[in-house]
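Worksheet: the structure to be examined is printed underneath.
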Amino acid sequence: MSAPDGSADPQSPLDVVVIGAGFGGLYATYRLAASGRRFRVFEKAPDVGGTWFYNRYPGARCDVDSLQYSYSFSDDLQQEWEWTERFAGQPEILRYIRHVAQRFDLYRHISFDTRVTSVVWDDAARCWEVSTDRGDTVRATWVVTAVGCLSTPKEPEIDGLADFAGESYYTNSWPHDEPDFRGKRVGVIGTGSSGIQSIPLIAETAAEVTVYQRTPAYTMPAMNRPLEPDEVVAHKAQYAQHRAQERGSRSGTLVVGHTDPALAASDQERRRRFEECWRAGSFGCALVSFSDIVTHRDANDHLVDFLQEKVHAIVEDQEVASALASWEYPFGSRRVCLDTDYYATFNAPHVHLVDVKRDPIIAVTPGGVRTQSGERAHDVIVYATGFDAFTGTLFRLGIRGRDGVRLADAWADGPRTYLGLQTAGFPNLFVVVGPQSPSLVVNVVRAIEQHVDWIMDALDHADAHGIGVVEADPAAQDDWVDHVAEVGHATLYPVADSYMTNANIPGKPRVFMPYLGGFGAYGERIAQVAAQGYPGFVLSA
Ligand code: N01
């Protein structure tokens, strides 16, 4: 993109626009800055961090080990940074992301407080026109969306939300001034990871906590703890090997699975392994404790029976225990949670459970929450009601491809991508950790590096070969969509209603969205496509 004298021509399109400055956008920024390309990054928040910027509710914490849920691109960085806990809390993760942005001088590339409002393909000029709510309009040959899969809050479909006279908070957009729950009657709606992490902490200070549970989550104790200096030294000494193992693994982590089926094991052996995973603080361990846990309902049921016993042993009121463990779907088919004292919290006299499957919420009222059985008074309501996942944020970017087709229309029946990276009809637009890639079912920081590295290689290839347009071939895309569905449906994952199947948003098509073929295998596949000159993509000058 040079003027005749060799300098950058300000009228010519930028090389790249990146949308988002969370883990994904920040790594793309790092790679682009190093490449010498002309680019700009737009971020709607006032700072870096993405999901870790917004989700600052009490107890917000990662459930992948810190030493694995971190960038691997710089050995200096991974050697210097000191994680303090096995599972880092949100403040520590945000400090880390800010540190990365400062250490590599990335802030200067990012326009903060700037929401992208439209991304429109100009076929004549063969570039994208990107507009923002600040009035910027820039043109760029390539667009990289790094907007996260869990970044648009889901508005709970409950009547009367606006009528509530007390304080309302959403875990996914928690205020920076910490709410004070002391002496207050708090209602919490939602029992996914966010609810399960925040409820025990809210209960520490609130006068009364009422948890409205519609679907009970599977959750296991996180066994979080401070990291020992010796184990950190040992891990750092082996970082290269650990990272290679993560990259080649099914889940992008160091969890190693068993290859024998639960259905062929003795009761004693099953119990031994399930207990081991329970004590390890690793739901990933449980998912791969036997080869058939996520593929055979009977095998899965053995684990469910084990977990039911655990809940009944911790929770004193057996009726409450039954409600907390009334799972009607297989373990793992909704995202499993890791918690700290979640079940034990229900032993406190001021913590109550309302099973809204049996006693549905009718409305939020000025004074609290009305269910079929009556009204409960609250001073505060916390909504831990989740996200319009995977596609919610992408659709809100106002993306229009060839012939003005909206991405939302092209994906009206569910996402259609080739390798989860591109969509036919939307040339030169790459999606980082979107639908039909491993994304949320693996260590997402590894997945981000994998995608960004692949995209940067594709841009290098395009530059080296005089290619101006890269677009998914519709036939290759059809094959990939079928493959993602086939692999997903060979497991129990699509059985449950959840954000993974779009089932949490009324009106969205039910489609299982992540790719379950394994992180390492997926990495090999996309690397092979690159090595073979990008079959399945149409490349033109
Ligand atoms: O959201 P969720 P989340 N009335 O969708 C309920 C990641 N994460 O924010 O299932 C009553 O899981 C809903 O009930 P139902 C992680 O990937 C990671 O908790 O619709 N209830 C459900 O119980 C996680 O999976 C970490 O029946 C309503 C809950 O709200 C993902 O983010 C921490 C309702 C939503 O659960 C999302 O987790 C936090 C209604 N109208 C999050 N609407 C860690 O790394 C919704 N619900 C640890």
For the stretch 454-468, 3J(HN,Hα) per residue [Karplus equation, 6.51 cos²θ - 1.76 cosθ + 1.60, θ = phi - 60°, Hz, x = Gly/Pro]
5, 5, 5, 5, 5, 5, 4, 4, 4, 4, 5, 10, x, 9, x
Taking N as the number of residues in the stretch 401-541, the ratio of its alpha carbon radius of gyration to 2.2 N^0.38 Å works out to 1.04
Taking 108-116, 462-470, 27-35 and ranking on average Cβ neighbours within 10 Å, highest first, one gets 27-35, 108-116, 462-470
Return the Cα extents of the stretch 161-383 along principal axes one, two and three, sorted largest first, each rounded to a whole Å.
55, 40, 28
Based on the alpha carbons, how large is the Rg to Rh ratio for the stretch 86-136 when Rh follows Kirkwood?
1.20
Roughly what % of Cα-Cα distances in the stretch 130-250 sit above 22 Å, to the whole percent?
63 percent
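So, with a 1.4 angstrom probe, what is the percent of accessible area on the stretch 161-383 that is carbon and sulfur? Don't skip to the end; give the middle numbers.
Working: 5100 of 10060 Å².
Here it works out to 51 percent.
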Sorted by packing (mean other beta-carbon atoms within 10 Å per residue), highest first, where do 58-67, 523-532, 174-183 land?
58-67, 523-532, 174-183
Nearest-0.05 FRET efficiency for D267 and D298, computed from C-beta distance (R0 22 Å)
0.95
For the stretch 1-111, the fraction of alpha-carbon pairs in successive 5 Å shells from zero, as %
2, 11, 21, 20, 17, 12, 7, 4, 3, 2, 1, 0
Debye equation applied to the C-alpha atoms of the chain, log10 I(q)/I(0) at 0.06, 0.13 Å⁻¹
-0.30, -1.40
For the stretch 225-275, convex hull of alpha carbons as volume per residue, Å³:
113 Å³
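Quick check for you: with a 1.4 Å probe and neighbouring chains kept, what is the accessible area per residue of the stretch 161-383, in Å²?
That works out to 45 Å² per residue.
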The stretch 453-530: relative contact order as a whole-number percent, Cα under 8 Å and 6+ apart:
28 percent
Taking K184 as the anchor, which lysines have their alpha carbon closer than 27 Å to its alpha carbon, excluding any fewer than eight residues away along the same chain?
K154, K357
Using just the Cα positions, wrap the stretch 156-207 in a convex hull and report its mean projected area in square nanometres, one decimal place.
4.1 nm²
Shape of the stretch 390-475 from its Cα gyration tensor (a ≥ b ≥ c, root eigenvalues): rounded if a/c is under 1.5, otherwise prolate when a/b > b/c, or oblate?
oblate
Using amide H atoms built in the peptide plane, which far-off residues or other-chain residues are under 5 Å from E85 H to H?
L227
Geometric extent, Cα atoms of the stretch 498-537 - Rg, Dmax (angstrom):
14.9, 42
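The values are calculated or read from the model by the stated rules, or taken from the named source; none is laboratory data. This is a predicted model, so every value here is computed, not measured. Virtual Cβ from ideal backbone geometry, glycine too; neighbours counted across all protein chains shown. Areas reflect the complete protein model, heavy atoms only, side chains present, ligands, DNA and RNA absent. Shrake-Rupley method; radii C 1.70, N 1.55, O 1.52, S 1.80 Å.
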